[in-house]
1. Condition (residue is exposed (fewer than 15 other Cβ atoms within 10 Å of the Cβ) and on the phi > 0 side of the Ramachandran plot) applied to the stretch A:53-61: is it met by at least one residue?
2. Find all pairs meeting these conditions: Cβ atoms under 6 angstrom apart; at least six residues apart or on different chains; first residue within the stretch B:199-215 and surrounded by 15 or more Cβ atoms within 10 Å (Cβ to Cβ); second residue assigned to a loop (DSSP other than H, G, I, E, B).
3. Check the stretch B:111-118 and report whether any residue there is within 14 Å of chain A (Cβ to nearest Cβ), at pLDDT below 90, part of a helix (DSSP H, G or I) and surrounded by 24 or more Cβ atoms within 10 Å (Cβ to Cβ).
4. If you go through the stretch A:78-97, how many residues are farther than 15 Å from residue B:174 by Cα and either without any contact (Cβ under 8 Å) to a residue 40 or more places away in the chain or not in a helix (DSSP H, G or I) (or both)?
5. Report yes if residue B:298 is assigned to a helix (DSSP H, G or I), within 17 Å of residue B:233 (Cα to Cα) and out of contact with any strand residue (DSSP E or B) (no Cβ under 8 Å at 6 or more places or on another chain), otherwise no.
6. Give me the pairs: first residue in the stretch B:50-71 and within 13 Å of chain A (Cβ to nearest Cβ) and without any contact (Cβ under 8 Å) to a residue 24 or more places away in the chain, second residue assigned to a helix (DSSP H, G or I) and surrounded by fewer than 20 Cβ atoms within 10 Å (Cβ to Cβ), beta-carbon distance under 9 Å, and six or more apart or on different chains, which are they?
7. Show me the helices (runs of 4 or more DSSP H) entirely contained within the stretch B:318-417 in which 2 or more residues are within 21 Å of the chain's Cα centre (by Cα), under 24 Å from residue B:293 (Cα atoms) and modelled with pLDDT of 85 or more.
8. Quick one: in the stretch A:69-90, which of the residues that are more than 9 Å from chain B (Cβ to nearest Cβ) and within 14 Å of residue A:34 (Cβ to Cβ) is surrounded by the most Cβ atoms within 10 Å (Cβ to Cβ)?
């Protein structure tokens, strides 16, 4: 079996776009990224299922010309899960927008507190200077 | 006999539907969910007996062999199911004990019960899954339930902690799907037993790619360093019972999946070096993180990550003794970590905070709480004769028996981690339980001064449920002899072909 190169390339492009979007801070972009990347992965299942064929019904299509139904069943499951994911992420982004006026994933507060502790340590003799540049303060909504 | 296999999944699912319908009748809803989980405990307990006396049980659902869904229970799955369902039941009873006011403010009860039962269904499905796709579905069920539980109430703190958790799990789900499609493309099946046979015939570089992809996915769920960063950021803000059940179960489902993949699908390629170093890094780095914390729930989250390293230690060495140690340690750690998080919930009620800067003298204001914290804390650190010591000793002996430099490094690392765990829990003990009381105890009829932060009395049900989980940890200690025999048989079963035979007997290739 030789895989379908067009599908594979499209899947790769979709996953690449998805990964780029997931690395954003805004939840709505992450949602887009998950959707696009998820579709890319679903295409991978179609690549894996081999050459396209007729509907896999006994009596309609001869056995050798049937397409493989199993990956399609899996893709269907994945699509249903993606639907639920989208619904949940949209809700969460909206709630975050209600509360904060933006939907960005924030830095952890406790982490910042631990960094403050490190700052307080500067007075001690054994102190060695380490700079933490990522405070999250410079993040702006576009 | 194998027809009871779907019950641990089906019972909580029907229970969830029923509790959703009973949303306006809280008492009935509680009764239904407690009965459901008690039923799951019974089924899981009988599975322990069945698998131990009659061997591995498998059921092709709808008789669609070899294409359909297969549920398999071996000794490992039965033990995990039993411990998981007992802990879930304990946590549920604890949750019902939270008083009405708090329930309404933070955990809308009509949603809590169905979601909690779905989480239990997902966990059971992941333990019983005989094919990778069903494992994926089990993971998704439990993840979706956990998304709802971790953001319960939708406060700003929980939404921002939940975002990290949701995004990281979405990424791991995408990776899981990718691994599934690649392995289906390479072998034409997702059934674990068949995968095991067909991967053996494929070139090594194809299988290693798939194996690494699957390991990354499960390592994210199990919080193995360096994929563990998300856990301490997201767990501590959720309500106490939710954190307890997450800490007890969800990471262990990841560990179970790694154990299953390594033994059932790729038995010939244990990747000892990679997993061993990851285990060492997980243990040592996470426990150093725990020491730096001043907030009890975060400290416990870091010890949780750190002790995942012990299980990875056992899995990495892949000898019968080390796998047995890892299984025992997993069972022990589920109970002890859940109990500790429940205690943290009680500390929050009594002391008004879980920050060690604002606590003190709890041992004199609430001596019962002191005892409830002390036992699982010592158990976590591995003080003899508690079960944590038995599990660690088993792993150390297995490491010494292997005797390679890596094994010795792991032995040294785990002893160090054990000591540092003792240091971390002793720090909590010193700062929260000793010293002068910050807030005085309340008389039962006295109203708390500040509803948000003030001390509240501990309801008997919550204390009882916590004590029951602490008792379960002690039971693992008292039953350590028979239980260790059982996990040794479970580990031996992972390494022979009993799993393959049980799934594939009578099935056309």
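1. Yes.
2. Qualifying pairs under 6 Å: B:211/B:266.
3. No, there is no match, as no residue in the stretch B:111-118 is within 14 Å of chain A (Cβ to nearest Cβ), at pLDDT below 90, part of a helix (DSSP H, G or I) and surrounded by 24 or more Cβ atoms within 10 Å (Cβ to Cβ).
4. 6
5. Numbers: assigned to a helix (DSSP H, G or I): yes; within 17 Å of residue B:233 (Cα to Cα): yes; out of contact with any strand residue (DSSP E or B) (no Cβ under 8 Å at 6 or more places or on another chain): yes.
Against the criterion (assigned to a helix (DSSP H, G or I), within 17 Å of residue B:233 (Cα to Cα) and out of contact with any strand residue (DSSP E or B) (no Cβ under 8 Å at 6 or more places or on another chain)), residue B:298 qualifies.
6. Close Cβ pairs satisfying both conditions: B:67/A:70; B:68/B:61; B:68/B:62.
7. Working: elements: B:320-351, B:362-365, B:367-381, B:387-402.
Once the helices (runs of 4 or more DSSP H) in the stretch B:318-417 are filtered for at least 2 residues that are within 21 Å of the chain's Cα centre (by Cα), under 24 Å from residue B:293 (Cα atoms) and modelled with pLDDT of 85 or more, what remains is B:320-351, B:367-381.
8. The extreme case among them is A:82.
The values are calculated or read from the model by the stated rules, or taken from the named source; none is laboratory data. Predicted model only: the values in this text are computed from it and were never measured. Cβ: placed from backbone, ideal geometry, glycine included. Neighbour counts: every protein chain shown.
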